[in-house]
Amino acid sequence: MKAGAAAGAWKLGDVEVNRVGYGAMRLTGNGMLGNSDGTPIDRDAAVRLLHSAFEQGVNHIDTAAFYFSPLRSANELINRALASWRDDVVVATKVGPGRDPSGEWFSMARPDQLRGHVEENLRQLGRDHLDVVNLRNNGMDSIAEHFGALAELRTAGLLRHLGLSNVRPQHVAEAREIAPVVCVQNSYGLDWRRADESGLVDLCREQGIAFVPFFAVSSLRREAAAAQEQDARVRRIARAHDATPAQIRLAWTLHRGPHVLAIPGTTNPAHLAENIAAGALRLTDEELALVDKAREADA
């Protein structure tokens, strides 16, 4: 069995994927994050990295047309990698917010502009349809009009499955009145559990929807640093498993339920192997309670 299959699989609509996937944002270099001093990954190295992920059992990639920096586009790199890959890989992308060619962000497209977002992803990825398109919400109280526009594109055959990103439980209910929702992608991890507090993680499990956390591994750039006591407990568990703290955090995330997927991103082949190997870690009830106890003490 390939390492990427160790955590089991979940269905996105009618497509089964291994629960450990890959997030492509870091392929663009730090420029994607507004930092111009980042060195982008070499194109050939990026393709080798993606092929390595596929060879280890990763068959689910998260991307977006707005994942680009002055020198790199995540979609273009994925297109190159998949052009010479023999097996199927599910590509999930996002639409809604966007960036102009200079890299400047605009907050949210109008519903009538979403077809252009979908077609741009199709062009960059070199496909005639998209596997999964997530509507990325950016502060809207209602997503009905935007999700309805994507549902029309689904009927037209431009995409197969629909998901949501950065949403609350009421958005899931609103969307499901329009079309099936196969996944929900929100920020979530040991140090950021609003999706638990809102009931979103459990709601997805109850409705058979994949919950796909991003930023599951704490990062000083995009998440608050872990509390000192909690981090010490994570390191203690990591030593017991001969693992890294990042692997323990990913394992904890996957333990939240069989419907939870992981999409860690990296440009380091060694870190890629570690992230994938985290799917094989099995934390005991005592270890899970230990990290939860630390969070409760810090709250």
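None of the figures in this text is laboratory data; all of them are computed from the coordinates on show. Since the structure is predicted, the reported quantities are computational estimates derived from the model, not experimental observations. Using ideal geometry, Cβ is built from the backbone for each residue, glycine included, and neighbour counts are taken over all protein chains shown.
Taking first residues from the stretch 75-99 that are in contact (Cβ under 8 Å) with a residue 40 or more places away in the chain and partners that are among the acidic types (D, E) and assigned to a strand (DSSP E or B), the Cβ contacts under 7 Å between residues at least 6 apart in sequence or on separate chains come to V90/D131; V91/D131; A92/D62; A92/D131. H60 meets each of the listed conditions (1) without any contact (Cβ under 8 Å) to a residue 60 or more places away in the chain; (2) within 18 Å of G265 (Cβ to Cβ) apart from (1).
Taking the criterion of being closer than 15 Å to V201 by Cβ and in a helix (DSSP H, G or I), the residues of the stretch 239-267 that qualify are W252, T253, L254. R110 - would you say it is of a type in the set (D, E, K, R), within 25 Å of A273 (Cβ to Cβ) and surrounded by fewer than 19 Cβ atoms within 10 Å (Cβ to Cβ)? For R110, the condition - of a type in the set (D, E, K, R), within 25 Å of A273 (Cβ to Cβ) and surrounded by fewer than 19 Cβ atoms within 10 Å (Cβ to Cβ) - is not met.
Total residues in the stretch 54-97 satisfying the condition of being more than 28 Å from R115 (Cα to Cα) and crowded, with 24+ Cβ neighbours inside 10 Å: the figure is 1. Here the stretch 132-153 is the region considered, the condition is being in contact (Cβ under 8 Å) with a residue 24 or more places away in the chain and farther than 14 Å from P111 by Cβ, and the residue that is farthest from the chain's Cα centre (by Cα) is G139. Within the stretch 81-88, at least one residue is assigned to a helix (DSSP H, G or I) and over 21 Å from the mean Cα position of the chain (by Cα).
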